[in-house]
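A.B. asks: Mind looking over this structure? Questions follow.
Nothing in this text is a laboratory measurement; each read-out follows from the coordinates by a stated rule. In this text the structure is predicted, and so the values were computed from the model without any measurement. Neighbour counts are summed over all protein chains in view; Cβ atoms, including those assigned to glycine, are modelled from backbone coordinates with ideal geometry.
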Amino acid sequence: MRIVAMAPIAGCGRIGARAAGTAMLCALLAGWGAGAAAADVTVTVLDNAGHGVAGIVIIAESDAAVPEKHAVHTAIMDQQHMQFVPRVLVVQTGTGVEFPNSDQIQHQVYSFSAAKTFKLSLYAGHKYPPVVFDHPGLVTLGCNIHDGMIGYIYVTDSPFFGHSDGSGQLQLHGLPPGNYTLTAWHPDLEEAGGSTLQLHLALADNGRPAPVFHLSRPLRSETAHDGDKRWTDY
Amino acid sequence: MDRLLIGLLLQAVLLTPSLAAASDFYAVIDLRAVASDGERSFLNGGLGELRFDDQHDGARVGSISLGYHHAFFDIVHFNANAVAYADGDRSPLDLTEFYAEIRPFPWHSLRSRLKLGAFYAPISLENRLPGWRSAYSLSPSAINTWIGEELRTIGAEYDLDWLGRQRGHDWELGLTAAGYGFNDFSGEVLSVSGWSINDRQTTLFGRIGESGNGPVAGLREFHRDDDQRLGYYAGGTAKYLDTLELRALHYDNRANPNTYSYALLDFAWRTKFNSAGLRWTPTAHWTVIAQWLAGTTIEGDSGFNTAVRTDYYAFEYHAAFALVSWQRGADRLSARYDQFEMHQTQSDDTFNNNRGHAWTLAYERELGKSWSVILEALQIDSSLAMRTSIGEPVAAAERELQLAVRLQL
């Protein structure tokens, strides 16, 4: 995930050109929570053998009032070798997402998910302005020319989100005290409840909790993609 | 259809600058070094089951393939694929496919597609490269060789897709139905020559082989319908993530087998079959493909009162293959086992039966973005009763080793 600050705010800015292990200091971005005993929380995702699981979307949503939104950002969902890159993107509500096409062939990107319905007519290169994702929820992306291209944008109101890194961890910075719902999501999770896991987190002053998601089943195999040949839909 | 028309159409789409600027174009030059001990090939009036025989190996043109795609109004996709084999076809450069596909954006999870023109029915799970070339070997399986030789949908096909993955499901489903003409004589090559394994597709306006009822007739040509009866096929597809694809199809050219063509000196062949296949990609490195096809073809059915003659040839046939392919980076290694059989169930004179199996091993290495080399070893062990009519033994063990150098532009 590449997140580019369109209007940087003092004390924050561009965070995490690489998605894994990064979280947005959105509380700082908005100045929200300043002066409170904000805490850093390390969330861990472990498989049933105790190993860290990378790439899981993690979101902390406060049970209190919805935090202010951070400044408008733009994220990028590229198209490379007939795949969406990254395959999974998580953004805050109101974020604009660019859809450049880095392939040599044209794509035709669409979504008819409830959280965002849009379509981009056939194009190559960097043709369209960012698409603003203004409602929370899961948006599934497709390409009408290449049905095998599937991507996901998880849109959340919360400013506290990110992906677990190679050791299965994500640090969420600057969470004010309060009660939170922690959500772990990935399209390849095959837990009893589906592709979403949730934990409740009570964050006291000066607390440094370390919540852990334990997966009971391995992630479904990564989507098979046998090369970047120009498969034709025969 | 006239070759002048093809030329004009190709010129129109390939040379119009405003179109070409926003279009996809490819060209693939495939040159081969071939060593073969095969029986006389169909290209040389024989009944061998390989493309290249022991008298015609050495340096050969595998194919020169050209393709063009252009989208109009965002949802209309025009496609043309052409090929040259340099083997004496009456059309030195000719189309294999020429069609328009109307492909609107999905409506919720449903999408309709309509194809009009000349194109391949959705049967092969090997032939995934532009120009309907196999992605796994030089020579496709016996089933898909036959599809390339005798079948083309020249008509219209409608597809309805349910894009379940867009709704959080793991499956996508599709239904297909088509009506077509120009296939009244599909089945003749199979009934005369039996199953073969080669990558020599029949072109839309080309002709290879002899017409009539000679022992090596096997005419490869798409000819206009004489019986004015449309053929049809209907089938379905199911895809599980990107891991598994299942296909099934029922095909019936609905030809009147008593229709006689004075141009071809032949009766029509009523050809029906069922086919099924799966492609399983358990990891990014491994692919498994299996296909099965079984059916009948009948010529000169005396049950039709309009018979010019009452000859009655009826065949049953089936074929199957399993293919395993491993890829890592620029290397791909594939192995395939084919099994095939055909037998005559009725005849007024000669019976022609065919049975055999084949092993194919292929290794491909990509050399950068444009170049690749492919080495393929193929052995077919078969029996074909018709071979006695040209003085050859019924049984044959044929081997072919090909090294292809490909340049893709």
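A.B. asks: Hey, what D do you get for the stretch A:70-156 in µm²/s if you plug the Kirkwood alpha-carbon radius into Stokes-Einstein at 10 °C and 1.306 mPa s?
C.D. replies: Value of D from the Cα-based Kirkwood radius: 126 µm²/s.
A.B. asks: Still on this structure, I have one more. What translational diffusion coefficient, to the nearest whole µm²/s, does the protein assembly as shown have by Stokes-Einstein, given a Kirkwood radius computed over alpha-carbon pairs, a temperature of 4 °C and 1.567 mPa s viscosity?
C.D. replies: The diffusion coefficient I find is 47 µm²/s.
A.B. asks: Please report the projected area of the stretch B:114-260's Cα convex hull averaged over all directions, in nm².
C.D. replies: 9.3
A.B. asks: Using a simple charge model, +1 on the beta-carbon of Lys and Arg, -1 on the beta-carbon of Asp and Glu, nothing else, what dipole does chain B show about its Cα centre, in debye to the nearest 20?
C.D. replies: The dipole magnitude comes to about 1200 debye.
A.B. asks: Have a look at B:25, B:277, A:163 and report the one farthest towards the positive end of the charge dipole of the protein assembly as shown, computed about the Cα centre with Cβ charges (Lys/Arg +1, Asp/Glu -1).
C.D. replies: The residue sitting farthest along the positive end of the dipole is A:163.
A.B. asks: What is the magnitude of the charge dipole of the stretch B:318-388 about its Cα centre, with +1 placed on the Cβ of each Lys and Arg, -1 on the Cβ of each Asp and Glu, and no other charges, expressed in debye to the nearest 20?
C.D. replies: Using Cβ point charges on Lys, Arg, Asp and Glu, the stretch B:318-388 gives about 360 debye.
A.B. asks: Right, next: From the gyration tensor of the Cα coordinates in the stretch B:221-356, what semi-axes in whole Å does the equivalent ellipsoid have, largest first, with each one equal to sqrt(5λ)?
C.D. replies: For the stretch B:221-356, the ellipsoid semi-axes come out as 38, 17, 13 Å.
A.B. asks: I've got another one for you. Enumerate the calculated ³J(HN,Hα) couplings along the stretch A:133-144 in order (Karplus 6.51 cos²θ - 1.76 cosθ + 1.60, θ = phi - 60°), each rounded to whole Hz, writing x wherever the residue is Gly or Pro.
C.D. replies: Calculated HN-Hα couplings, in order: 9, 9, 9, x, x, 8, 10, 9, 9, x, 10, 6 Hz.
A.B. asks: Another one. Tell me, rounded to the nearest percent, the portion of alpha carbon pairs in the stretch B:92-201 spaced more than 18 Å apart.
C.D. replies: Tail fraction, whole percent: 59.
A.B. asks: Suppose a student asked you for the relative contact order of the stretch A:91-234, using Cα pairs under 8 Å spaced at least 6 residues apart; what percent would you report?
C.D. replies: Result for the stretch A:91-234 is 17 percent.
A.B. asks: Sticking with this structure for a sec: Fewest Cβ neighbours within 10 Å first, please rank B:39, B:49, B:341, A:190 accordingly.
C.D. replies: Ranked by crowding around the Cβ, least crowded first: A:190, B:341, B:39, B:49.
A.B. asks: Using a Gaussian network model on chain B with a 10 Å cutoff between Cα atoms, which of B:63, B:261, B:389 fluctuates the most?
C.D. replies: Comparing B:63, B:261, B:389 in the GNM, the peak value goes to B:389.
A.B. asks: State to the nearest 20 debye the size of the charge dipole of the protein assembly as shown about its Cα centre, where the only charges are +1 on K and R beta carbons and -1 on D and E beta carbons.
C.D. replies: 1500
A.B. asks: Let me ask something additional. Could you give the C-alpha radius of gyration of the stretch B:21-408 expressed as a fraction of 2.2 N^0.38 Å, taking N as the number of residues it contains?
C.D. replies: Its radius of gyration relative to the 2.2 N^0.38 Å reference: 0.97.
A.B. asks: If you average the sequence gap of Cα pairs under 8 Å that are 6 or more apart and divide by the length of chain B, what percent do you get for the contact order?
C.D. replies: After rounding, I find 14 percent.
A.B. asks: Now, a different point. Set Lys and Arg Cβ to +1 and Asp and Glu Cβ to -1, take the dipole of the protein assembly as shown about its Cα centre, and tell me which of A:58, A:192, B:228 lies farthest positive.
C.D. replies: Positive-most Cα among the choices belongs to A:58.
A.B. asks: Here's a follow-up. What order do you get for A:76-82, A:45-51 when each peptide is scored by the mean count of other beta carbon atoms within 10 Å, highest first?
C.D. replies: Highest-to-lowest ranking by the protection proxy: A:76-82, A:45-51.
A.B. asks: I would also like to ask the following. Starting from the Kirkwood Rh over alpha-carbon pairs, what translational D in µm² s⁻¹ does the stretch B:20-125 have by Stokes-Einstein at 10 °C and 1.306 mPa s?
C.D. replies: 96
A.B. asks: Using the Karplus curve 6.51 cos²θ - 1.76 cosθ + 1.60 with θ = phi - 60°, work out ³J(HN,Hα) for each residue of the stretch B:66-75 in order, rounded to whole Hz, and write x for Gly and Pro.
C.D. replies: Per-residue couplings from phi come out as 10, x, 9, 9, 8, 9, 10, 6, 6, 10 Hz.
A.B. asks: Taking +1 at the Cβ of each Lys and Arg and -1 at the Cβ of each Asp and Glu, which of B:268, B:106, B:123 sits farthest along the dipole of chain B towards its positive end, judged by Cα position relative to the Cα centre?
C.D. replies: B:106
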